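A.B. asks: Supplied in structure tokens, the structure appears directly below.
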Amino acid sequence: MKNYADKTRVEPEIEQGRPFRSSLPDAAVFILVAMSVILFGLIVLYSTSYSVQGTSFFYKQLMWVGIGTVGFASVILFGYRAISNASPLLLLICAGMLIAALRFKAINGAHRWLILGPVSLQPSEFFKVVLVLFMAWFLSKRTRDIENAPFKKVLLPCVIFVCPVIALVMAGKDLGTTVLLTALFFAVLYVAGIRLRYILPVVLLGPLILFELIRRFSPERLSRITSFMNPELYQKTDGYQLWNSLLALGSGGWFGVGFTESRLKLKYLPEAHTDFILAIVGEELGLVTILTVLFAYLVLIYTGSRIACKSNSRQGMLVAFGMIAFIGMQAIINVGVICGAFPTKGMPAPMISYGGSSLVACMLAVACVFSVALDNSYQGYAENLRAGLRSMLFPFLRKKEAEKRKKSR
């Protein structure tokens, strides 16, 4: 197998101006912290949901961890390049799933889920990953256009391809994810080299336009925006979730009331195992644990950013940065919501909150960053890995390859 792998080794050219730089130390820290956050999420989910739902949520989440692990291994096997190159097809699949979700019955007033028997999927979660992969594929092929004709040949096509899919997310009444996707879209554009004069008008005017649309067409969402600024006044109505979240965080102190000892999760804080799970963590395990979780997210952002900066290809740099931006933005929004810094909006804590689609999407994002790191250190690792696996699993292919080489001589 060793000889076969050596003779079939693929060495893609490194882009000019991007020297070889190993990312293994950063990758080791990155993947270790990501695995720790996932394990921590399982532990606190058990504590948060056991008294209300028993172990059902824990075992379901464990099942999704298994599915996410398969997805992780698949990304590593094929490599981020191959998956990013297939992103136009993935974009169409996501659009189809979002359209299908609009035809299902609304849950909590939103059409976010595809319900397939006992399994429910949230297509918008997977679209976060696909958006980054598509943007990285598209922008990496238009380096000169970014300098020469950024609006006509880069920004306008991106808007035409991506914004209709984001509009489908908004049509499903998932405003929080729509805002996150829009921010992610412009963040990747900026890192790719699009100048601020093309982005700033949208960044500055977008919130004003969004607020006006909410005021006119969604008064219930407007009440959430006004209630979060003073949740005590609305503690029995629109500010109910936030007020109980603040009570949970405040009652935990430095070290918490004890594992599984939360009182607010007992039907006081609705859906405590999903978007507000960190509030229960603060109550049971205290401020020190919350700060540790925040530090873990910061380590993921830092090491992921270093992997992106060391990438030997523009496509890899954009993939790694986009995935880190997705995880980082979602973490910031979730933490901001539970402590009252942002209006209450459904946004799970990455790799901690209950939810299979969110967990699998985050694991796929982690896998893409790890794939970039491996490619930084071992050029063409995915091709060589697949060649080695074929040689190991199908020895007759190695014999055929050897016969071909003999005939060619």
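The values are calculated or read from the model by the stated rules, or taken from the named source; none is laboratory data. From a predicted model like this one, the values you see are computed outputs, not experimental measurements. Note that each Cβ is placed from the backbone with ideal geometry, even for glycine, and that neighbours are counted across all protein chains shown.
A.B. asks: Pick from 17, 66, 71: which is within 30 Å of residue 160 (Cα to Cα), of a type in the set (Gly, Ala, Ser) and either modelled with pLDDT of 95 or more or not in a helix (DSSP H, G or I) (or both)?
C.D. replies: On the way: 17 fails: within 30 Å of residue 160 (Cα to Cα); 66 fails: within 30 Å of residue 160 (Cα to Cα).
Exactly one of 17, 66, 71 is within 30 Å of residue 160 (Cα to Cα), of a type in the set (Gly, Ala, Ser) and either modelled with pLDDT of 95 or more or not in a helix (DSSP H, G or I) (or both), namely 71.
A.B. asks: Restricting attention to region 198-208, does a residue exist that is of a type outside the set (Ser, Thr, Tyr), over 22 Å from the mean Cα position of the chain (by Cα) and under 23 Å from residue 112 (Cβ atoms)? Before you say what the answer is, go through the steps one by one.
C.D. replies: Of region 198-208, the ones of a type outside the set (Ser, Thr, Tyr) are 199-208.
Within this subset, residues satisfying the condition of being over 22 Å from the mean Cα position of the chain (by Cα) are 199-202, 204-208.
Add one more test, that the residue is under 23 Å from residue 112 (Cβ atoms), and what stays is 206-207.
Taking every residue of region 198-208 in turn, at least one turns out to be of a type outside the set (Ser, Thr, Tyr), over 22 Å from the mean Cα position of the chain (by Cα) and under 23 Å from residue 112 (Cβ atoms).
A.B. asks: May I pose another question? Condition first: modelled with pLDDT under 90 and touching a Pro at 6+ places or on another chain (Cβ under 9 Å). Now tell me which residues in region 141-175 satisfy that.
C.D. replies: 142, 172
A.B. asks: In addition: Given the condition touching a helix residue (DSSP H, G or I) at 6+ places or on another chain (Cβ under 7 Å), modelled with pLDDT of 75 or more and part of a helix (DSSP H, G or I), answer yes or no: does some residue in region 207-229 qualify?
C.D. replies: no
A.B. asks: Test of understanding: among 291, 285, 300, which residue is surrounded by fewer than 17 Cβ atoms within 10 Å (Cβ to Cβ), assigned to a helix (DSSP H, G or I) and either at pLDDT 90 or above or touching a Gly at 6+ places or on another chain (Cβ under 6 Å) (or both)? Reasoning before the result, please.
C.D. replies: Values: 285 fails: surrounded by fewer than 17 Cβ atoms within 10 Å (Cβ to Cβ); 300 fails: surrounded by fewer than 17 Cβ atoms within 10 Å (Cβ to Cβ).
Just one listed residue meets the conditions, 291.
A.B. asks: Okay, moving on. Could you run through region 68-86 and say how many residues are within 17 Å of the chain's Cα centre (by Cα) and surrounded by 14 or more Cβ atoms within 10 Å (Cβ to Cβ)? Outline the logic, then answer.
C.D. replies: At the first step, the residues of region 68-86 found to be within 17 Å of the chain's Cα centre (by Cα) are 68-76, 80, 83-84.
Now drop any that are not surrounded by 14 or more Cβ atoms within 10 Å (Cβ to Cβ), which leaves 68-69, 71-72, 75-76, 80, 83-84.
Summing the residues that are within 17 Å of the chain's Cα centre (by Cα) and surrounded by 14 or more Cβ atoms within 10 Å (Cβ to Cβ) in region 68-86 gives 9.
A.B. asks: Hey, can you tell me all the residues within region 19-32 that are in contact (Cβ under 8 Å) with a residue 12 or more places away in the chain and surrounded by fewer than 19 Cβ atoms within 10 Å (Cβ to Cβ)?
C.D. replies: Selection gives 19, 20, 21, 22, 24, 29, 31.
A.B. asks: Mind checking which pairs have a first residue in region 344-370 that is over 18 Å from residue 63 (Cβ atoms) and of a type outside the set (D, E, K, R) and a second that is assigned to a loop (DSSP other than H, G, I, E, B) and modelled with pLDDT under 95, Cβ under 7 Å, 6 or more apart or different chains?
C.D. replies: What qualifies is 344/228; 346/275; 347/275.
A.B. asks: Something else about it: Taking only pairs six or more apart or across chains, which ones have beta-carbon atoms under 7 Å, a first residue in region 166-192 that is part of a loop (DSSP other than H, G, I, E, B) and crowded, with 21+ Cβ neighbours inside 10 Å, and a second residue that is at pLDDT below 90 and not acidic (Asp, Glu)?
C.D. replies: Correct list of pairs: 172/101; 172/102; 172/110; 172/111; 172/112; 174/110; 174/112.
A.B. asks: Would you mind telling me which numbered condition in (1) closer than 30 Å to residue 23 by Cβ; (2) in contact with a Lys or Arg (Cβ under 6 Å, 6 or more places away or on another chain); (3) crowded, with 24+ Cβ neighbours inside 10 Å residue 316 fails?
C.D. replies: Failed condition: (2).
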